[in-house]
1. I'd like to compare 81-87, 58-64, 23-29: which one has the highest average count of other Cβ atoms within 10 Å, and what's the full order after that?
2. Let me make sure I get this right: for segment 56-97, a, b and c are the square roots of the gyration tensor eigenvalues over alpha carbons, sorted descending. Under 1.5 in a/c it's rounded, otherwise prolate if a/b > b/c, else oblate. Which is it?
3. What ranking, highest mean first, results for peptides 93-104, 38-49 when packing means the other Cβ atoms within 10 Å averaged over each residue?
Amino acid sequence: MKKVLLILIAVMLVCGVAFADEGCGRKVVTTAGTAVALGTNQSVDIITICAETNNTGTIVVGDSGVIASLATREGIPLDAGDCYTITKQSNNLLKIYIDSTVNGDGVTYDWQNR
């Protein structure tokens, strides 16, 4: 059994399949109109961000210049339950921001490293 397991691990490594780091989190915009960094200093390769299903406004995802206000909106808008996936290698949770049109709306997210 140990031999089979070692062979399986060796094949996975040779074929480029590696064990991935992953994590998840939640972020809320306390004050609408204020861009908030999604997380801490964590490098990620893939992240899926979902607007919470009980949001009453619009969440916008982008960089530090993200703006949720409809009149000057910048970023990717998400309505309640919508999701957005970023697949850019070496992204960082500190460089992904959200803003909201309503105080207290937020997102949940799941990230992975290849």
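1. Values: 81-87: 14.0, 58-64: 19.9, 23-29: 16.3.
Top of the packing list down: 58-64, 23-29, 81-87.
2. Numbers: a/c = 2.65, a/b = 1.46, b/c = 1.82.
It comes out oblate by the Cα gyration axes.
3. Going by the mean number of other Cβ atoms within 10 Å, highest first, we get 93-104, 38-49.
Just so you know, all these numbers are worked out from the coordinates, no wet-lab data involved. Just so you know, these numbers come straight off a predicted model, no measurement behind them. Don't worry about glycine lacking a Cβ; one is built from the backbone with ideal geometry, like all the others, and counts go over all protein chains shown.
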